[in-house]
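The values are calculated or read from the model by the stated rules, or taken from the named source; none is laboratory data. Quick caveat, the model's predicted, so the values are computed rather than measured. Cβ: placed from backbone, ideal geometry, glycine included. Neighbour counts: every protein chain shown. For the accessible areas, the whole protein counts, side chains as well, though only heavy atoms, and no ligand, DNA or RNA atoms are used. Shrake-Rupley method; radii C 1.70, N 1.55, O 1.52, S 1.80 Å.
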Amino acid sequence: MKKNSRLTWWIPVLLYLAGCSSQAPSSLGLHNGRLAPCPGTPNCVGSDYPDSADWIAPLNFSDPAPQAWARLQEQVQAQGGQIESVSDIYLWATYRSRLLRFIDDVEFRLDAEQQQIQLRSASRLGYSDLGVNRERIEALRSAFTIE
């Protein structure tokens with residue numbers, strides 16, 4: 001019985017933490033035409049600030065911007081993302097971890113003139129994500145790229 005009681009106290013803590021991750025951060029959206037910078041923790045990557053340590057390359061495309069934007073939306077959903085908001089130039093999607101259902105927010109900004117899609121992928125909770133956000137974007141990049 002003693003062994004079970006040690007494990008039991010973790011359940012409410014984990015449920016509390018999972019519940020805390022349900023509120024969308026206030027930094028979502030475009031700020032002066034750009035996505036928000038990462039907070040300097042290793043659980044975020046972004047492409048709008050190339051001098052940042054958490055920089056990752058944007059998605060490049062050569063087809064017409066509306067087609068690339070539609071393809072991105074298809075790939076996000078195919079990858080398990082839930083599109084929360086989309087406009088002609090901005091997309092916000094959420095991804096949930098399998099085990100504890102923690103939420104990651106992934107944002108995209110269409111730059112049709114540069115033929116790029118700027119992006120930001122960040123965990124709502126914690127400090128490190130063990131590279132999950134970077135891996136997600138690289139998997140999306142592979143699926144998004146037209147051969």
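With all protein chains present, how much of the accessible area of segment 45-102 (probe radius 1.4 Å) comes from carbon and sulfur, to the nearest whole percent? On segment 45-102, the fraction of accessible area on carbon and sulfur atoms equals 52 percent.
In the context of the full set of protein chains, segment 25-102 has a per residue accessible area of 57 Å² (1.4 Å probe). Under 19 Å from a label point set 7 Å out along the Cα-to-Cβ vector of Arg34, the amide N atoms of segment 109-143 belong to 109-122.
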